[in-house]
1. Out of all the residues in the stretch 53-77, which are surrounded by 13 or more Cβ atoms within 10 Å (Cβ to Cβ), out of contact with any Asp or Glu (no Cβ under 6 Å at 6 or more places or on another chain) and not in a helix (DSSP H, G or I)?
2. Open to solvent by 40 Å² or more (accessible area, probe 1.4 Å) and closer than 28 Å to Phe60 by Cβ: does that describe Arg163?
3. Condition first: of a type in the set (S, T, N, Q) and more than 21 Å from Glu233 (Cβ to Cβ). Now tell me which residues in the stretch 28-51 satisfy that.
4. Using the structure shown, decide if Tyr196 is open to solvent by less than 20 Å² (accessible area, probe 1.4 Å), under 24 Å from Phe148 (Cβ atoms), aromatic (Phe, Trp, Tyr) and at pLDDT 90 or above.
5. For Leu240, only one of the following conditions fails: (1) over 16 Å from Leu24 (Cβ atoms); (2) surrounded by fewer than 18 Cβ atoms within 10 Å (Cβ to Cβ); (3) in contact with an Asp or Glu (Cβ under 9 Å, 6 or more places away or on another chain). What is its number?
6. Does any residue of the stretch 91-109 turn out to be out of contact with any strand residue (DSSP E or B) (no Cβ under 8 Å at 6 or more places or on another chain), among the hydrophobic types (A, V, I, L, M, F, W, C) and loosely packed, with under 12 Cβ neighbours inside 10 Å?
7. Of all residues being of a type in the set (Phe, Trp, Tyr) and modelled with pLDDT of 95 or more in the stretch 55-99, which is nearest to Arg170 (Cα to Cα)? Just the residue, please.
8. Checking the condition closer than 20 Å to Asn94 by Cα and either of a type outside the set (D, E, K, R) or surrounded by fewer than 16 Cβ atoms within 10 Å (Cβ to Cβ) (or both), which residue from Glu184, Glu235, Glu191, Glu222 passes?
Amino acid sequence: MNYLDYHVVLPELDKINNFLFETLTTDFSNPKKVKKINYLRKITITRYKNDGNDMLFQLFLSEIEITSNLSIENIFFLKKIGSAFDEIEVEINNHGKIIKILNFEELGKRWEIIHVKLAIDNVGFVVESYMQDISNLLQDEKKLISFFSDYKMFGLYFSSLYRNSYAVERQKKIIDCGNTLILERFYPKDEKFDTYLIEGVPLDSNRDSDFFKYKGSIEYRENQIELATLEIEKEESTILYNINKTTL
């Protein structure tokens, strides 16, 4: 089965749900100086209805925290970049995929203001290249949808809408893994259908032979995600994506 063979189970309409999104990366490429970076985001997600359409979601970012065992340059810069996406409104289809960004133009205008301010005190090729990448995303809705659908953004949450009594296979690209195409398998852990497991292998096995582990799980309470985690382990790095629901 693939994702086109089933429909999603939606969270309660108009209920405000608070989540903690975490991305923890560990770089082992230098054994003498292992680098760990932890990105935490407090996200409020609400499904709402407008003009008869109840497949609409508002995602509100209230706080970003970035920590590391080593010094990180430009933390303020990275937080301001994140603030460009502090309020997002999207529409999904019956398979849980984001199909439209309802405030796309507003996001572009917000970024223009932030971009001008950041350009005053942040210079250099790396910074300018990073800001140009954001500008490019905000000029192309399809690219921005793809970005929001990645696990480093909101992809793991929208994957949590997939709930079925049978195993489902789907293909997924991961930005943090160089856009490697992964074949994922998503299936219920047992007959209770309150926990689902995720397994994956790279489709291009020759190029990505350093993948050792790709496993995760999603736990539910009624029609809402309670906890989600996905761990990716490679030869010189690991990535851990977590989502924790922080309100009942």
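1. At the first step, the residues of the stretch 53-77 found to be surrounded by 13 or more Cβ atoms within 10 Å (Cβ to Cβ) are 55-61, 64-66, 68, 74-75, 77.
This time we only want the ones that are out of contact with any Asp or Glu (no Cβ under 6 Å at 6 or more places or on another chain), so: 57, 59, 64-66, 68, 74-75, 77.
Once the filter is applied, which keeps residues that are surrounded by 13 or more Cβ atoms within 10 Å (Cβ to Cβ), out of contact with any Asp or Glu (no Cβ under 6 Å at 6 or more places or on another chain) and not in a helix (DSSP H, G or I), the stretch 53-77 yields Phe57, Leu59, Ile64, Glu65, Ile66, Ser68, Asn74.
2. Numbers: open to solvent by 40 Å² or more (accessible area, probe 1.4 Å): yes; closer than 28 Å to Phe60 by Cβ: yes.
Spelling it out, Arg163 is indeed open to solvent by 40 Å² or more (accessible area, probe 1.4 Å) and closer than 28 Å to Phe60 by Cβ.
3. At the first step, the residues of the stretch 28-51 found to be of a type in the set (S, T, N, Q) are 29-30, 38, 44, 46, 50.
Thr44, Thr46, Asn50, listed by residue number.
4. On the way: open to solvent by less than 20 Å² (accessible area, probe 1.4 Å): yes; under 24 Å from Phe148 (Cβ atoms): yes; aromatic (Phe, Trp, Tyr): yes; at pLDDT 90 or above: yes.
So Tyr196 passes the test.
5. (1)
6. Within the stretch 91-109, the first condition is being out of contact with any strand residue (DSSP E or B) (no Cβ under 8 Å at 6 or more places or on another chain), and the residues that meet it are 95-97, 104-106, 108-109.
Those left that are additionally among the hydrophobic types (A, V, I, L, M, F, W, C): 104.
Of the ones still in play, those that are also loosely packed, with under 12 Cβ neighbours inside 10 Å are none.
Looking for residues that are out of contact with any strand residue (DSSP E or B) (no Cβ under 8 Å at 6 or more places or on another chain), among the hydrophobic types (A, V, I, L, M, F, W, C) and loosely packed, with under 12 Cβ neighbours inside 10 Å, one finds none in the stretch 91-109, hence no.
7. Restricting attention to the stretch 55-99, the residues satisfying the condition of being of a type in the set (Phe, Trp, Tyr) are 57, 60, 76-77, 85.
Now drop any that are not modelled with pLDDT of 95 or more, which leaves 57, 60.
Details: Phe57: 23, Phe60: 28 Å.
Among residues in the stretch 55-99 that are of a type in the set (Phe, Trp, Tyr) and modelled with pLDDT of 95 or more, the one nearest to Arg170 (Cα to Cα) is Phe57.
8. Details: Glu184 fails: either of a type outside the set (D, E, K, R) or surrounded by fewer than 16 Cβ atoms within 10 Å (Cβ to Cβ) (or both); Glu235 fails: closer than 20 Å to Asn94 by Cα; Glu191 fails: closer than 20 Å to Asn94 by Cα.
Of the residues listed, the single one that is closer than 20 Å to Asn94 by Cα and either of a type outside the set (D, E, K, R) or surrounded by fewer than 16 Cβ atoms within 10 Å (Cβ to Cβ) (or both) is Glu222.
The values are calculated or read from the model by the stated rules, or taken from the named source; none is laboratory data. The model shown is predicted, which means the values in this text are computed figures rather than measured ones. Here the Cβ is made from the backbone with ideal geometry for all residues, glycine too, and neighbour counts use every protein chain on show. Surface areas here come from the heavy atoms of the whole protein model, side chains and all, with no ligands, DNA or RNA. Shrake-Rupley method; radii C 1.70, N 1.55, O 1.52, S 1.80 Å.
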